[in-house]
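Down below is the structure, laid out as structure tokens.
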Amino acid sequence: MKPTQPIIFFDGVCNLCNGAINFIIDHDKKGYFKFAPLQSEIAKEFIPQSTLENTDSIILLDSDKIYSKSTAALRVAKKLDGMWKILYSLIIFPKFLRDFVYDFIAKNRYKWFGKRDTCRMPTIDIKDRFLKMD
């Protein structure tokens, strides 16, 4: 199966990540993005195992290309409704600088925001935005 829409893979047990997904859903009124936890079978189907093992961030799969860390976050922002598109201008900064900040937050996300015991379950009104989670 080849995805027809961009998929955001996220840490399903991370409170910060779940909050970010809620934010994206609220600011993606056209339903451009689909979602799946990194811990799901669907992630294993589309993302190489080596990438999954070495990822401490969101992953964006868009047109058969995989983006991670700050690049993924900025590419997502570019597609959101409202002024959030402006954040994409941060792409001009070198990736190593953007990812340094991203990695610092990712490294501390459980300590600062906590984590859940299980992956998030979507509500009925947004269930179609989440890919089947086996």
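Nothing in this text is a laboratory measurement; each read-out follows from the coordinates by a stated rule. Just so you know, these numbers come straight off a predicted model, no measurement behind them. Virtual Cβ from ideal backbone geometry, glycine too; neighbours counted across all protein chains shown.
Can you tell me which lysines have their Cα less than 20 Å from the Cα of K111? Leave out same-chain residues fewer than eight positions away.
In chain and number order, the partners are K69.
Given the C-alpha centroids of segment 81-99 and segment 1-52, what is the distance between them in whole angstrom?
Segment 81-99 and segment 1-52 have Cα centres separated by 19 Å.
If we sort 107-115, 52-60 on the protection proxy, mean other Cβ atoms within 10 Å, highest first, what's the order?
52-60, 107-115
Which shape class, rounded, prolate or oblate, goes with the chain when its Cα gyration tensor gives a ≥ b ≥ c as root eigenvalues, a/c under 1.5 marks rounded, and past that a/b bigger than b/c marks prolate?
Note, shape of the chain comes out rounded.
Using the per-residue mean of other Cβ atoms lying within 10 Å as a proxy for protection, in what order, highest first, do the peptides 88-98, 65-75, 17-27 fall?
65-75, 17-27, 88-98
K107: which aspartates and glutamates have alpha carbons under 12 Å from its alpha carbon, excluding same-chain residues fewer than 8 sequence positions away?
The reachable aspartates and glutamates, counting only those whose Cα sits under 12 Å from K107, are D56, D99.
Positive end of the charge dipole of segment 7-129 (Lys, Arg +1 and Asp, Glu -1 on Cβ, about the Cα centre): tell me which of F33, W84, I47 has its Cα farthest that way.
Highest projection toward the positive end goes to W84.
Using unit Cβ charges (K, R positive; D, E negative) and no other charged atoms, how large, in debye to the nearest 20, is the dipole of the chain about its Cα centre?
Computed charge dipole of the chain: roughly 320 debye.
Counting only helical runs of four or more DSSP H residues, what would the 222 nm mean residue ellipticity of the chain come to if each run contributes -39,500 (n - 2.57) and the total is spread over all its residues?
Roughly -12000 deg cm²/dmol at 222 nm, from the helical runs in the chain.
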